[in-house]
Amino acid sequence: MSGSIGLVLSGGGARGAYEVGVLTYLAEHHPKLLDRIRVVTGTSVGAVNAAFMASRGVTVAAVAELADIWRSLEIDQLVGIDKRGMSELLATGGKRLIGRPVTSPPVGLLSVDGITRIVAERTDWRGLRRVVRSGRLDAVGFAATDIGTGKTVFFVDHADHIQGRWPRGEDAPQAERVLLGPLHVLASAAIPILFPPVAVAGRWFIDGGVRYNTPLSPALALGAESLLIISVRAVEDAHTDAPQGSFAGFGQIVGKVLDSVFLDRIGYDLDRMRRINDWIASIEETLPADALSAIRAAMVAKGRPSYRTVRFAHVQPSKDLGALAAQHLGSAKGAGPFSFARVLRALFQDDTGTTGDAASFLLFDGGYAETLIKQGHADAAKAEPFMQTL
C-alpha cells in the first residue's frame, strides 16, 4: 500500500502506555509505516505521546525513547494530593457561603507538577515546529475542551499547503492554527476535577476527552489518506465486572464516570467510516463507471466533502486495563506509607480488589506501564491483517 497515514491517539491517562506498545510493534515489524505517517492527532495522554513522537519525526528511535520514559515512571514523582489546592477550594466555598466576593482558584484535587515537567522538558518543541516546516509531517494537532463554551478546540500546526476541510455541526471541533507548545498538551490532558484546568491565550481548558477523545475526523480533514487509530478502552467482551450483590465502593463509581467521559464517539465514527466505504463500494459495483464521479461533484456543489474510501486499522485492548491496574496497585514503585499508590488503592479500587478502572487512569508507574506496553504489542500483532491494508 501507499499514501499518507494519520496516526490518531486516544486519551486515557496512564493507559497511554498501551499506545506506546502498539507503536513499538509497528517500529519492530513495520518501520516503513512510521515513515508514511504525515498527520498526528491526539487527545489527553494521546496528545502527550503524539507531541513527543511528532517532535522527533515519528521515528523508530523516538518510539524506543518514549517506551523507556514510560517504563521509568515513578508515581510519587508525578502525581500527589494537592493539599494547598484543596484548602484554597474549601476556603473559597466557605467565603461564598457567608456572602464574601471571591475569585475561584484554578485547582484540581491532584498535584501534577511532575507530569508538567515531563511534558515541558522531554518533548522537543522546536523540533515539533521544524518537522512541520520541513515537510516531514503535514500536520500535528491536539483536542482540548474550552470550559467557557463547552466546545472542543483543536489546536493544530500544519503546513501552508494544507487546506483543512473541517467537519460541520454543533459537535464539530473548532480548529485553531497555532505554534504548538506545552500549554496546548497540558490543556488537552487536564482530567476534569482531578487535574487543574490550564489557561491558553486567556481561555481555560480541561481534558479534550470530555467531548472528543479520539480525533480521527481532524486527521482526515488534514489530508490523511488512511488512519491508524489506537484507543485504550478494551473491547466489550474483555471488561471485568465487579461482583454483584453488594456495593462495590467509591472507586467503582469514579471508574465508571471516567470511563464514560473517555468513551466518546469512536464507535459511531468508525461505523460511519465503514458505512461510507460500503456506500462507495456499492456504487462502484452497481452503477455506471462515471456515476461515482457525478455523485461526488454533486456533493461538493452542496458544500459537502467529496467522499472517498478510507483505509484504517483500529487497535484497542483485548484485556481490561482496569483489572490489570488492580493487579499492579500492590506492587507499584515507591509504595511507602504515604505513596500515592496507596491512595489509589484506598480510594479508587473496588472493595474486592477485582477492578481498578479509576486507578488505571492515574497509575503512572513503570511496572504498570510495562504491562500495558506488552499488551499493546500483543494486540498490534493480532491486528496484523489490518496493518497490511494501510
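The values are calculated or read from the model by the stated rules, or taken from the named source; none is laboratory data. Everything quoted here is computed from the prediction, not taken from an experiment. Cβ atoms come from the backbone with ideal geometry, glycine included; neighbour counts cover every protein chain shown. Note: accessible area is taken over every heavy atom of the protein model, side chains too, but ligands, DNA and RNA are not part of it. Shrake-Rupley method; radii C 1.70, N 1.55, O 1.52, S 1.80 Å.
A simple count of charges around Arg130, restricted to other residues whose Cβ falls under 9 Å of its Cβ and scoring Lys, Arg +1 and Asp, Glu -1, yields +3.
With the convex hull of its Cα atoms as the shape, the chain has an orientation-averaged projected area of 21.7 nm².
Taking amide H as placed 1.01 Å from N in the peptide plane, Ala175 has its amide H under 5 Å from the amide H of Phe154, each at least 5 places away in sequence or on another chain.
Can you compute log10 of I(q)/I(0) for region 72-219 with the Debye formula, treating each Cα as one identical point scatterer, at q = 0.14, 0.16 Å⁻¹? Debye curve over Cα of region 72-219, log10 I(q)/I(0) at q = 0.14, 0.16 Å⁻¹: -0.77, -0.94. Note on region 22-99: along the principal axes its Cα atoms extend 64, 27, 17 Å, ordered by decreasing extent.
Sort Asp76, Asp278, Asp365 by heavy-atom solvent-accessible area, probe 1.4 angstrom, most to least.
Working: Asp76 75, Asp278 95, Asp365 5 Å².
Ranked list, largest accessible area first: Asp278, Asp76, Asp365.
Shown is the FRET efficiency for Leu179 and Asp290, computed with R0 = 30 Å from the Cβ-Cβ distance and rounded to the nearest 0.05: 0.10. If R0 is taken as 22 Å, the Cβ-Cβ distance between Arg272 and Val235 corresponds to a FRET efficiency of 0.70. Extension gain for Asp171-Asp113 works out to 17.7 nm (0.36 nm per residue, less the C-alpha to C-alpha distance).
Summary of packing: across the peptides 126-136, 154-164, the per-residue average of other C-beta atoms within 10 Å ranks them, highest first, as 154-164, 126-136.
Of Lys382, Lys95, the residue with the largest accessible area leads and the full order is Lys382, Lys95 (1.4 Å probe). From helices alone, the chain scores -14000 deg cm²/dmol at 222 nm; the rule is -39500 (n - 2.57) for each run of n ≥ 4 DSSP H residues, then divide by the residue total. In this simple spin-label approximation, Arg265 and Arg100 carry label points 7 Å from Cα along the Cα→Cβ vector, and these lie 4.5 nm apart. Sorting the Cα pairs of region 134-184 by distance into bins of 10 Å, from 0 upward, gives 23, 52, 22, 3 percent per bin. Counting only residues at least eight positions apart within a chain, or on another chain, the aspartates and glutamates with an alpha carbon under 18 Å from that of Lys382 are Glu19, Glu28, Glu236, Asp237, Asp320.
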